[in-house]
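Everything below concerns the one structure shown next.
The values are calculated or read from the model by the stated rules, or taken from the named source; none is laboratory data. Only a predicted model underlies this, so the values are computations on that prediction, with no experimental measurement involved. No Cβ is skipped: glycine too gets one built from the backbone with ideal geometry, and neighbour counts run over all protein chains shown.
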Amino acid sequence: MLVKGVAFYLASELPFEAKSLLEDFRLAVNNAVRAGLQARVTSRNALCRIAYKDFREQHPRMYAQHLVSAFEVAGGVLKNHRRRVRKGVTSRIPFVKRLMMKAENQAFKLDRKTGIIDLPIRAGYHVELRLVVSQYHRKYLDDMSLSLGSLTVLPGRVIVAFRKDAPKPYTPDSVISLDTNERSLDGVFVTDDAGMAVKAEFPDIATIQQRHHDRRKRLQKKKAHDRRTSKNLCRREGLREHRRVDYRLHQVANSVLKFAEERKSAIVLEDLKGFKSKRSRELNRRLSMWPRRKLHQIIEYKAQWKGIPVVKVDPRNSSRTCPICGRIKDFRMGTEFKCECGWRLDKHINASINLLQTAISKGMAGGLRFNPGAFQHDVMMILYEPAMAARSEPNGTSSIVGVS
Ligand SMILES: [Zn+2]
């Protein structure tokens, strides 16, 4: 089952009763977190068992379903906490600060025609939340193959989860194989009779990262006497950075997927799992790794939703191998891969050809065959470049509605 959260703004401010429901819900979550820590349990059911009765007394008026869903949220918080502790990341007693509540799909009603949510606050008392519905939202509301999942209510907006069974991926007519780099995806687009270079460029992501990294460093130094302020400022910096990078990654992913969908291509990517980031050392390198992983995540997730096949292959030696004669070079190259057999090509594109060969040899690229000799060296198709986003770039202060 695939789930997609779609954010909606509200047409008017949250009604007073809903606001206090958010506060009660947060309180219930934090109480449940404490109870769970004490009893060393994390599952919703276990939390329910140990704490439901007390809760009912503390929150006698809250709709019972919401209480159960508070246990669910608390369970998630506790599991996260436990993971962090296990990993050795110091983690204080977790505490939900953000005002929020989550309602399971039996605990609210959404009229998909009018975009009006009926949310029970307590027995016999409901509020109406009117959603702002754009064309983008209509796609989800009108698609009856999507069922409704949970509802998350935040002070200014709500997130509705839409669910569907993963569609069966199509049988590809072509393949896009992509080598993932700090500032671009470089690769080949291959049909039965031709192959040409493709590129999706995102140089601004590395620039944003570098800038935010420098700014954080400066903040840490400047506020060295005040750790709390420094930490808060850094967190804010980090959030802003994430939002800006995230926005661009979605744009890149959308362009790649659109290209693939129109040509019925499978997408070949390298498996980035092997790249272990060294903790605390080589901070720069680590910083530049997460956007690439995130980009893969976004591409894979969206592809699944649309039924576009994605293949991940082991990238070992992909940047050092000659796809014509199979020689493996043991030295670092400039921007061009050169081989004694006469083959030469941009090293990133060369790597993508090797990824494709791996996918083909493992039978993961449908029935497609590829002859590197048929590669057209003089053609390059641009899947994405920053200029394509420049027009739609929202300014930094407005919050971007994440589609995750
Ligand atoms: Zn060679």
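Out of everything in the stretch 342-363 that is free of Cβ contacts under 8 Å to residues at least 60 places away in the same chain and either of a type in the set (Gly, Ala, Ser) or surrounded by fewer than 17 Cβ atoms within 10 Å (Cβ to Cβ) (or both), what residue ends up being nearest to the ligand (Cβ to nearest atom)?
Looking at residues that are free of Cβ contacts under 8 Å to residues at least 60 places away in the same chain and either of a type in the set (Gly, Ala, Ser) or surrounded by fewer than 17 Cβ atoms within 10 Å (Cβ to Cβ) (or both), I get Gly342.
For (1) surrounded by 15 or more Cβ atoms within 10 Å (Cβ to Cβ); (2) in a helix (DSSP H, G or I); (3) out of contact with any Gly (no Cβ under 6 Å at 6 or more places or on another chain), each residue gets a yes or a no:
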position: Lys97; (1), (2), (3): no, no, yes
position: Ile117; (1), (2), (3): yes, no, yes
position: Ile121; (1), (2), (3): yes, no, yes
position: Glu128; (1), (2), (3): no, no, yes
position: Tyr140; (1), (2), (3): yes, yes, yes
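Quick check on my filter: what residues within the stretch 298-320 are closer than 28 Å to Tyr247 by Cα and either among the aliphatic types (A, V, I, L, M) or within 14 Å of the ligand (Cβ to nearest atom) (or both)?
Ile298, Ile299, Ala303, Ile308, Val310, Val311, Val313
Please enumerate the residues belonging to the stretch 321-341 that are free of Cβ contacts under 8 Å to residues at least 12 places away in the same chain, more than 11 Å from the ligand (Cβ to nearest atom) and part of a loop (DSSP other than H, G, I, E, B).
Of everything in the stretch 321-341, those that are free of Cβ contacts under 8 Å to residues at least 12 places away in the same chain, more than 11 Å from the ligand (Cβ to nearest atom) and part of a loop (DSSP other than H, G, I, E, B) turn out to be Asp330, Phe331, Arg332.
Restricting the search to the stretch 66-109, which residues are over 17 Å from Val158 (Cβ atoms) and in contact with a Pro (Cβ under 6 Å, 6 or more places away or on another chain)?
Those that are over 17 Å from Val158 (Cβ atoms) and in contact with a Pro (Cβ under 6 Å, 6 or more places away or on another chain): Val77, His81.
So which residues in the stretch 100-115 are over 23 Å from the mean Cα position of the chain (by Cα) and assigned to a strand (DSSP E or B)?
Selection gives Lys109, Leu110, Asp111.
In contact (Cβ under 8 Å) with a residue 12 or more places away in the chain, farther than 22 Å from Arg292 by Cα and out of contact with any Cys (no Cβ under 9 Å at 6 or more places or on another chain): is that true of Asp193 in this structure?
It is true that Asp193 is in contact (Cβ under 8 Å) with a residue 12 or more places away in the chain, farther than 22 Å from Arg292 by Cα and out of contact with any Cys (no Cβ under 9 Å at 6 or more places or on another chain).
Residue check, Thr229 against (1) in contact with a Lys or Arg (Cβ under 6 Å, 6 or more places away or on another chain); (2) buried (at least 16 other Cβ atoms within 10 Å of the Cβ); (3) in a helix (DSSP H, G or I), all met but one. Which one?
With respect to (1) in contact with a Lys or Arg (Cβ under 6 Å, 6 or more places away or on another chain); (2) buried (at least 16 other Cβ atoms within 10 Å of the Cβ); (3) in a helix (DSSP H, G or I), Thr229 is out only on (2).
Right, Leu78: surrounded by 13 or more Cβ atoms within 10 Å (Cβ to Cβ), farther than 25 Å from His137 by Cβ and modelled with pLDDT under 90 or not?
No: the conditions fail for Leu78.
Looking only at the stretch 53-75, count how many residues are in a helix (DSSP H, G or I) and crowded, with 16+ Cβ neighbours inside 10 Å.
Count: 11.
Give the residues of the stretch 108-135 that are free of Cβ contacts under 8 Å to residues at least 40 places away in the same chain and of a type outside the set (D, E, K, R), sorted by residue number.
Once the filter is applied, which keeps residues that are free of Cβ contacts under 8 Å to residues at least 40 places away in the same chain and of a type outside the set (D, E, K, R), the stretch 108-135 yields Thr114, Ile116, Gly124, His126, Ser134, Gln135.
Restricting to the stretch 191-226, what's the tally of residues that are assigned to a helix (DSSP H, G or I), over 21 Å from Ile299 (Cβ atoms) and either in contact with a strand residue (DSSP E or B) (Cβ under 7 Å, 6 or more places away or on another chain) or among the polar types (S, T, N, Q) (or both)?
Final tally of qualifying residues: 3.
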